[in-house]
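Below you'll find the structure, written out as C-alpha cells, and then a few comments.
The values are calculated or read from the model by the stated rules, or taken from the named source; none is laboratory data. If you're wondering where the values come from, they're calculated on a predicted model, not measured in any experiment. Glycine also receives a Cβ, built like all others from the backbone with ideal geometry; neighbour counts cover every protein chain displayed.
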Amino acid sequence: MIIKGIDNSLAVSGISRPFPTAGGAETRAAAPSEGFTQVFGDLVGKVNDLQAKADKAVEMLATGESKNLHEVMIAMEKSSISFQFLTQVRNKAVEAYHEIMRMQV
C-alpha cells in the first residue's frame, strides 16, 4: 500500500500564506508602496475567483456536465473558507481602526 503525502495542489495561492516570507519573488509583493489596500484588494479578487469557480462547478453538476460531487464540494469549501478568512481580516482591520480612533492624542 502506497500512502501519498499531502501535496500543495489544494493550497490557495496567496491565501495559504497571508504574509509574504523574506526573500525570493514574494519580496516584491511586500513592497511598502503597495500597502494594505493593494493586499486587501488582491485578497478580495482571489476570493471572488474561488467563488466563481465554485459557482461554475455547481452549475456543471446541476446540468450533468460533471459527475464529480466530491470536487464540487471541495470547491465550495475552498470558497467558504477563503470568504471566512477574508471576513476575519476585514474584522481585524476595522477593530484596529477603531482602536486607533479611540487613542487620545
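Checking each residue of segment 29-50 against the condition of being over 17 Å from the mean Cα position of the chain (by Cα) and of a type in the set (Asp, Glu) gives at least one match.
Every condition in (1) at pLDDT below 95; (2) surrounded by 10 or more Cβ atoms within 10 Å (Cβ to Cβ) holds for Glu77 except the one numbered (1).
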